[in-house]
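A quick write-up on the structure given underneath.
The values are calculated or read from the model by the stated rules, or taken from the named source; none is laboratory data. Predicted model, so just to flag it, every value in this text is computed and none were measured. In this analysis, Cβ positions are derived from the backbone assuming ideal geometry, glycine residues included, and neighbour counts consider all displayed protein chains. Ligands, DNA and RNA are stripped out before the accessible areas are found, and what is left, the full protein with its side chains, is counted by its heavy atoms. Shrake-Rupley method; radii C 1.70, N 1.55, O 1.52, S 1.80 Å.
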Amino acid sequence: MTANSDRPMIETRDLTIRFGGHVAVDHVNLAVEPFVLKSIIGPNGAGKTTLFNLLTGQYKPTEGRVLVKGRDVTALGPAARTRLGLGRSFQLTNIFPILSVLENVRVAIQSRKGLGLIFWRNYLSFPELEDQAYAILENALLADKWAVPAASLTHGEKRKLEIAILLALDPEVLFLDEPTAGMSQEEVPAILDVLDRIKAGRNRTMLLVEHKMDMIMTLSDSIAVLQDGRLIADDTPEAVAGNETVMAAYLGGGMKNG
């Protein structure tokens, strides 16, 4: 994909979607610069996941546009946007439970390289894929689990595996929709470590929807705040934490964890 390098990686212009009489996303103008981690926060029903669905092509907007590196992709569906480098994780894990952890990642690499979804047959013909998969598992802090069936992982480990599978598809932009959903408090730091490792590489743009404010404040380069589908703030974590409009509308007067 070719585009001007000075363009934002992701940009929206008056992005709007209505469901009947309800405006779920209301004329949102958002810019995500390359190689940053931008978090999208807001109360339940603010439009965060709906915005993700618009950006990744699951929904078509009622009005407005979505641009990727300056290219208008508003008319493109999810598959076409994936081919342009957008990758998304969902609130529910999506893995092959009977395959090993390594095989889950290898299959994703095979898919990206156009080698087909070969599960047990012929994978030894591609030893370099095994090496690539193992390196991804190291970054996802799952290397010690490479041989076990994915079904035997804890919920937190399955979320790490989902991120590893997403990395195996080599997207330029990672959309992470509540990666800690359903996790125990003890499992959250491991996901934080994985996302911090990805961010430190400075070779991928990341958009994160998450409710845990301590995690948001630690990871984010910038934070966009939605309320009733409208963008009410988009700034650094420090500026958002001190924004009276945000505190009144979303946080009830103070930043809260959870």
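Considering ARG106, ARG7, ARG81, ARG13, which residue is over 24 Å from MET215 (Cβ atoms) and assigned to a loop (DSSP other than H, G, I, E, B)?
ARG7
Could you tell me how many of the residues in segment 179-190 are open to solvent by 30 Å² or more (accessible area, probe 1.4 Å), of a type outside the set (S, T, N, Q) and assigned to a loop (DSSP other than H, G, I, E, B)?
3
Those residues that are open to solvent by 40 Å² or more (accessible area, probe 1.4 Å) and either modelled with pLDDT of 95 or more or in a strand (DSSP E or B) (or both), I need them from segment 218-228; list them, please.
The answer is ASP221, GLN227.
Here is a check on your reading of the model: is ASN94 under 26 Å from ASP144 (Cβ atoms) and exposed (fewer than 15 other Cβ atoms within 10 Å of the Cβ)?
So ASN94 passes the test.
Any residue in segment 171-191 that is under 18 Å from ALA140 (Cβ atoms) and touching a residue at least 24 places away in the same chain (Cβ under 8 Å) sitting within a Cβ distance under 9 Å of a residue that is among the acidic types (Asp, Glu) and open to solvent by less than 10 Å² (accessible area, probe 1.4 Å)? List the pairs, counting only those 6 or more apart or interchain.
LEU176/GLU210; ASP177/GLU210; GLU178/GLU210; PRO179/GLU210; THR180/GLU210; ALA181/GLU210
Out of ARG83, ARG106, ARG88, ARG18, which single residue is without any contact (Cβ under 8 Å) to a residue 12 or more places away in the chain and of a type in the set (Lys, Arg)?
Answer to the selection: ARG83.
Answer yes if at least one residue in segment 191-205 is modelled with pLDDT under 95, open to solvent by less than 40 Å² (accessible area, probe 1.4 Å) and out of contact with any strand residue (DSSP E or B) (no Cβ under 9 Å at 6 or more places or on another chain), and no otherwise.
Yes: segment 191-205 contains one or more residues that are modelled with pLDDT under 95, open to solvent by less than 40 Å² (accessible area, probe 1.4 Å) and out of contact with any strand residue (DSSP E or B) (no Cβ under 9 Å at 6 or more places or on another chain).
Within segment 229-245, which residues are assigned to a loop (DSSP other than H, G, I, E, B) and of a type in the set (Asp, Glu)?
none
Report the residue count in segment 11-22 for those that are among the hydrophobic types (A, V, I, L, M, F, W, C) and farther than 12 Å from LEU51 by Cα.
1
Pull up segment 61-80, narrow it to residues that are over 23 Å from ASP26 (Cβ atoms) and in contact (Cβ under 8 Å) with a residue 40 or more places away in the chain, then point me to the one that is surrounded by the most Cβ atoms within 10 Å (Cβ to Cβ).
LYS69
Here's the yes/no breakdown for (1) buried (at least 16 other Cβ atoms within 10 Å of the Cβ); (2) in contact with an Asp or Glu (Cβ under 8 Å, 6 or more places away or on another chain); (3) among the polar types (S, T, N, Q); (4) modelled with pLDDT of 95 or more:
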{"residue": "SER5", "(1), (2), (3), (4)": "no, no, yes, no"}
{"residue": "ASP14", "(1), (2), (3), (4)": "no, yes, no, yes"}
{"residue": "GLY21", "(1), (2), (3), (4)": "no, no, no, no"}
{"residue": "ALA24", "(1), (2), (3), (4)": "yes, no, no, yes"}
{"residue": "SER39", "(1), (2), (3), (4)": "yes, yes, yes, yes"}
{"residue": "LEU51", "(1), (2), (3), (4)": "yes, no, no, yes"}
{"residue": "LEU54", "(1), (2), (3), (4)": "yes, no, no, yes"}
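Checking MET215 against (1) surrounded by 20 or more Cβ atoms within 10 Å (Cβ to Cβ); (2) over 20 Å from GLU33 (Cα atoms); (3) touching a residue at least 40 places away in the same chain (Cβ under 8 Å), which single condition isn't satisfied?
The one condition MET215 does not meet is (3).
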